[in-house]
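Below is one structure, written out as structure tokens; the observations come after it.
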Amino acid sequence: MKITAVRTKPIKIPFYKGEKWAGGTRYSAPSLIIQIETDEGLIGIGESVGPTIPVIQTVVDKEFAPFVIGRDPMELESILHRLEEYCVNWKQIGYYGMAGIEMALLDLRGKILNTPAYNLLGGKVKSEVAFAGYVFIDTPEANADVARQFAAAGYTELKLKVGRDMDLDTKRVKAVREAVGPTIKIRIDANQNWSVPTAIKAIRRMEKYDLQMVEQPTRYDDVDGMATVARAVDVPIIADEGCATYEDALRLIDKRACACFLVYPSEAGGILKAKQIVDLANHAGIWCVTGSWAETGIGTLGNVHLVASSRNFPFANDTHLNFMTGDLLREQLAFSQGSIEVPNLPGFGIDLDVAKLDFYGTDFEREMVFYDPQDPQFQPRIGQIL
């Protein structure tokens, strides 16, 4: 069997409303869908997400596809090694493209072997994967309403975006805690917007509302600073922006800077590299959660198989699917009590609706993940003293 084509399609699915966070406000989910075709008719499907879809598409189409076409899809290690060596001087943007190609190749391997992708990753550990309810920056009253809706739907963990206004954030956390009661877990995510002293001050203000964890309170590149925060507060710290790659994970472990890694296959360079981070974390006694760049159902299924194949995902994971006005699958993924059942179909179990792919890919326009088109005066800045 030989690979005959690598086809890409940029798409953008609108959100029901803007997602306001420390770095701006997002209004849609842009991504790149990758289909790898073979001379025997099998097609592998993957998704690349990240900060700049047009650049990622150029990387896949112009730089990576020539190394993939003509290869046997079962030669996954050899193909990925060649791509990684080729992009060694620009690996971070290259990793976003690699992740989508790798996912499509894993999907192909599962179809060739007639087995679910989780069996290519070590086998199934769990039959369903839990997700957290996202609560974006809004008024305390609006956040409390959203939190109640998630709790009523069976979600047991919530994730609140914070970082713009410490006083308002404290009121929002208080309102959400009062709305959902003591049993729902609440974590907050500052998206590296705080300085070290601000992070310590903010967490101490909010920890009385029984925070589960605090995600990336300080700058991604200040590992020593995050370690200082971790030692100064009683709430476990999650590394997000600071834990993109395996090398990042090693630095965080060396400094004992956090208790949990937020793992992104997209940033790590694919599901296999993400699993390497997860295995490393397991040996170091660090928990893991999957992050989200707002993947469609395709990328979400990739994350589901990763989580399902590991013992080191004890918490609910990230997803934006609840805020997206549509999806690319024939049937949208169903959440039951905040969880998605792991499909047992070959590959990732992706049932792509080509008509939807065309619909959401028409007149694609790049949207800036950061900043806010509705507020041109807004200027994001990390590591602030508030």
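The values are calculated or read from the model by the stated rules, or taken from the named source; none is laboratory data. The structure presented is a predicted model; accordingly, all values stated were derived computationally and were not measured. Note that we place each Cβ from the backbone using ideal geometry, even for glycine, and neighbour counts take in every protein chain shown. Side chains are part of the model used for accessible areas, which takes the heavy atoms of the whole protein and leaves out ligands, DNA and RNA. Shrake-Rupley method; radii C 1.70, N 1.55, O 1.52, S 1.80 Å.
For D363, which of the numbered conditions (1) open to solvent by less than 10 Å² (accessible area, probe 1.4 Å); (2) free of Cβ contacts under 8 Å to residues at least 24 places away in the same chain; (3) not small (G, A, S) fails to hold?
(1)
Taking the criterion of being open to solvent by 20 Å² or more (accessible area, probe 1.4 Å), over 18 Å from the mean Cα position of the chain (by Cα) and not hydroxyl-bearing (S, T, Y), would at least one residue in the range 98-105 satisfy it?
Going residue by residue through the range 98-105, those that are open to solvent by 20 Å² or more (accessible area, probe 1.4 Å) are none.
No: zero hits.
With open to solvent by 10 Å² or more (accessible area, probe 1.4 Å), within 21 Å of A132 (Cβ to Cβ), over 14 Å from the mean Cα position of the chain (by Cα) and not acidic (D, E) as the only criterion, which of R311, R256 stands out? Even if it seems obvious, please write down each step before you answer.
On the way: R256 fails: within 21 Å of A132 (Cβ to Cβ).
When all the criteria are applied, what remains is R311.
Among the numbered conditions (1) over 30 Å from R205 (Cα atoms); (2) modelled with pLDDT under 95; (3) not small (G, A, S), tell me where L328 comes up short.
(2)
Across the range 315-341, what is the total count of residues that are surrounded by 19 or more Cβ atoms within 10 Å (Cβ to Cβ) and over 19 Å from the mean Cα position of the chain (by Cα)?
Total meeting the criteria: 0.
For the structure I just gave you, tell me whether N344 is open to solvent by 60 Å² or more (accessible area, probe 1.4 Å), assigned to a loop (DSSP other than H, G, I, E, B), touching a residue at least 12 places away in the same chain (Cβ under 8 Å) and touching a strand residue (DSSP E or B) at 6+ places or on another chain (Cβ under 6 Å).
It is true that N344 is open to solvent by 60 Å² or more (accessible area, probe 1.4 Å), assigned to a loop (DSSP other than H, G, I, E, B), touching a residue at least 12 places away in the same chain (Cβ under 8 Å) and touching a strand residue (DSSP E or B) at 6+ places or on another chain (Cβ under 6 Å).
Are there any strands (runs of 3 or more DSSP E) wholly within the range 204-287 with 1 or more residues that are over 22 Å from L121 (Cβ atoms) and among the acidic types (D, E), and if so which? Before you say what the answer is, go through the steps one by one.
Values: elements: 211-215, 237-239, 260-263.
The strands (runs of 3 or more DSSP E) meeting that bar are 211-215.
Between a residue in the range 296-324 that is without any contact (Cβ under 8 Å) to a residue 24 or more places away in the chain and under 19 Å from G18 (Cβ atoms) and any residue that is open to solvent by 10 Å² or more (accessible area, probe 1.4 Å) and part of a helix (DSSP H, G or I), which pairs come within a Cβ distance under 6 Å, given they are 6 or more apart or on different chains?
none
For the condition crowded, with 18+ Cβ neighbours inside 10 Å and among the hydrophobic types (A, V, I, L, M, F, W, C), what is the one hit in A142, A147, A152?
Unique residue meeting the criteria: A147.
Any residue in the range 354-362 that is under 28 Å from Q149 (Cβ atoms) and assigned to a loop (DSSP other than H, G, I, E, B)?
No, because not a single residue in the range 354-362 is under 28 Å from Q149 (Cβ atoms) and assigned to a loop (DSSP other than H, G, I, E, B).
So how many residues does the range 155-184 have that are surrounded by fewer than 18 Cβ atoms within 10 Å (Cβ to Cβ) and under 25 Å from F335 (Cα atoms)?
Count: 4.
Which number in (1) in contact with a Lys or Arg (Cβ under 9 Å, 6 or more places away or on another chain); (2) of a type outside the set (G, A, S); (3) assigned by the TED database to the domain that holds D165 marks the one condition that V369 misses?
In the conditions (1) in contact with a Lys or Arg (Cβ under 9 Å, 6 or more places away or on another chain); (2) of a type outside the set (G, A, S); (3) assigned by the TED database to the domain that holds D165, V369 misses (3) alone.
Spot the failing condition for D39; the list is (1) open to solvent by 20 Å² or more (accessible area, probe 1.4 Å); (2) in contact with a helix residue (DSSP H, G or I) (Cβ under 7 Å, 6 or more places away or on another chain), and only one is missed.
D39 satisfies every listed condition except (2).
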